[in-house]
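Below: one structure, written as structure tokens.
The values are calculated or read from the model by the stated rules, or taken from the named source; none is laboratory data. Note that the structure is a prediction, hence the values are computed from the model and not measured. Ideal geometry is used to build each Cβ from the backbone, glycine not excepted, and the neighbour counts take in all protein chains shown.
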Amino acid sequence: MPHVRASAEPPEGDARIARSSGRDARFAPFRRKARVIHPSAAITGLILAGGAARRMGGVQKGLQTLRGRPLIEWVIERFRGQVQELLISANEQVAIYQRYGFTVIQDAVRQPDGSLSGPLAGLHAGLAVCSNPLIATVPCDVPFLPLDLVDRLHCGLVGASADLAVAKVGGYLQPVFVLARREVLPHLSAYVEQSGRRADGWYANLRSVEVPFDDQNAFANVNTIAELHGMPAQGLHGTS
């Protein structure tokens, strides 16, 4: 259907889940309950940190530091207050991600050669375990993501009676910034189990809505070490 534009151990089940039992004081602030700024809908948030990060040499992108703090911490800080439940999708360094106090899930599907299947595999795992009827996703490498991201995606989704809302900025879709209904899981399962990886290829047959955002800086992500080192020069412009 066409888009609509809008102003560490495997449990029983499909997703592999790990939960934190650590008490490291550094991570205590992240385990405190955040004030939810979008109280009108029950939404799970999923931070996608399970990628291969090939352009960064295969390091764990979410654990690389910006101004002395791992990228994942910047994202948690801006995202957790927009959702009622927070999950982290990670396929390596699970124990470190656990320390933040949120449920960590791992991909349940892979490519035929055993390689990772990309962000859709993370969403697939998240949909399988989320406790809310809606799930919002963001990548782990966008430290200044909009504070009204989920609210605006939700307004677009409801206004268009859509299955999925996707952010659009500067004329380009941002396929890892989505809000999806839990009911799309069977459709996604069929797609990823056939080795599907492209997000637009998946939701082309769903009723989706594009939600425009103006601030491109808020969606600036990190693909290389050089970009990471250059990001501090951007300051916090456009992060509200």
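Side notes on the structure shown:
- Restricting the range 173-198 to residues that are among the hydroxyl-bearing types (Ser, Thr, Tyr) and surrounded by fewer than 18 Cβ atoms within 10 Å (Cβ to Cβ), the residue that is nearest to LEU123 (Cα to Cα): SER189
- Qualifying residue in the range 42-52 (condition: modelled with pLDDT of 55 or more, touching a helix residue (DSSP H, G or I) at 6+ places or on another chain (Cβ under 9 Å) and surrounded by fewer than 19 Cβ atoms within 10 Å (Cβ to Cβ)): no
Yes/no matrix, rows are residues, columns are (1) buried (at least 19 other Cβ atoms within 10 Å of the Cβ); (2) modelled with pLDDT under 95; (3) farther than 17 Å from ALA180 by Cβ:
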{"residue": "ASP113", "(1), (2), (3)": "no, yes, yes"}
{"residue": "LEU120", "(1), (2), (3)": "yes, yes, no"}
{"residue": "GLY126", "(1), (2), (3)": "yes, no, no"}
{"residue": "VAL138", "(1), (2), (3)": "yes, no, no"}
{"residue": "ASP141", "(1), (2), (3)": "yes, yes, yes"}
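- Only a single item in (1) more than 21 Å from LEU66 (Cβ to Cβ); (2) touching a strand residue (DSSP E or B) at 6+ places or on another chain (Cβ under 9 Å); (3) among the polar types (S, T, N, Q) is not met by SER115, and it is number (2).
- Looking only at the range 89-111, and only at residues there that are touching a helix residue (DSSP H, G or I) at 6+ places or on another chain (Cβ under 8 Å) and among the polar types (S, T, N, Q), the one that is surrounded by the fewest Cβ atoms within 10 Å (Cβ to Cβ): GLN93
- Residue count for the range 154-172 under the criterion of being outside any loop (DSSP other than H, G, I, E, B), among the aliphatic types (A, V, I, L, M), more than 13 Å from the chain's Cα centre (by Cα) and surrounded by 18 or more Cβ atoms within 10 Å (Cβ to Cβ): the result is 4.
- Within the range 188-214, the set of residues being of a type in the set (Asp, Glu), under 21 Å from VAL169 (Cα atoms) and either at pLDDT below 90 or in contact with a Pro (Cβ under 7 Å, 6 or more places away or on another chain) (or both) comprises ASP200 only.
- Any pair with Cβ under 6 angstrom, 6 or more apart, that starts in the range 182-204 at a residue that is on the phi > 0 side of the Ramachandran plot and ends at one that is not aromatic (Phe, Trp, Tyr): SER195/GLN111
- Selection of the range 215-240 for residues being at pLDDT below 75 and of a type in the set (D, E, K, R) yields only GLU227.
- Conditions (1) within 21 Å of ASN205 (Cβ to Cβ); (2) touching a helix residue (DSSP H, G or I) at 6+ places or on another chain (Cβ under 9 Å); (3) modelled with pLDDT of 95 or more; number of the one not met by LYS168: (2)
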